[in-house]
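First up is the structure itself, then whatever we jot down about it.
Please treat every number below as a calculation from the coordinates, not as lab data. Computed from a predicted structure; not experimentally measured. Every residue, glycine among them, receives a Cβ derived from its backbone with ideal geometry; neighbour counts consider all protein chains shown.
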Amino acid sequence: MSLENRLDLLAWADAASGWIVEDDYDGAYRYAGRPLAPLRALDRGGRVIYVGSFSKLLLPALGLSYLVLPRGLVAPVNQALAETGPAPPGIGQWALARFIEDGHLAGHLRRTRRLYALRQDALVEAARRHAADVIAVAPMEGGMHLIARPGPAWTPSLADHAAAAALGRAGISAVALSAYHAGAPEPGLLLGYAAVPERAIEPAVRRMAEALRLAS
């Protein structure tokens, strides 16, 4: 969202006494320009509930997530959490706190930003060389996914969910972009690259292109 739209959303929340739940899913991974400030950093009225998880930043086995709450919500949310079941083990929380305090999380993010940027570049280049007839993939300034739009050889009769299923049969995981649209679907594929070693990207793109050609 543009800064103007962010400020408009915050103004709406102030005027309506509403809450904004901000899931900054992959905001730590930005490869060009300065990081975008989350809504929480711009919030002056205490209307933003900032949520996040360490599953993608570190590993899912930690089972740890967090809330950054407006002051007035701390007590009721603590009460609600106390009634939902046991808290995560304290030793995991303590170890993670030390990991952050000692600067290891910041170092880990610097390393993975460089790694993921290289993997994104590899995916864009491989798509340009081997799959330009079926998909168009452009780089993005951040995140862990890219959007593949239909290329000239992708026939209009091929729905993106059918394309994703064809890729699944070829051993490639992709998500139909139309699943994220509430109105008229915009066809395409969401391609994740962060967990794919750089050396495996080009062969995977070749398989992807062949599967889409056959499906078209």
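Summary of values
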quantity: Environment charge at R114 (Cβ cut-off 14 Å; Lys +1, Arg +1, Asp -1, Glu -1); calculated: +3
quantity: Among G143, L39, P86 the positive-end extreme of the charge dipole of the range 5-145 (Cβ point charges); calculated: G143
quantity: Dipole in debye (nearest 20) - the range 159-216, about Cα centre, beta carbon charges: Lys, Arg +1; Asp, Glu -1; calculated: 200
quantity: Per-pair calculated FRET efficiency, R0 = 35 Å: V21 and R110 via Cβ, rounded to 0.05; calculated: 0.80
quantity: Cα-centre dipole for the chain with unit charges at Cβ (Lys and Arg positive, Asp and Glu negative), debye to 20; calculated: 580
quantity: Charge dipole of the range 145-216 about the Cα centre (unit charges at C-beta), most positive-ward option of A211, P156, S178; calculated: A211
quantity: Cut-off under 5 Å, modelled amide H: who pairs with G52 long-range; calculated: Y66
quantity: Taking all pairs of distinct alpha-carbon atoms in the chain, Kirkwood radius in angstrom; calculated: 20.0
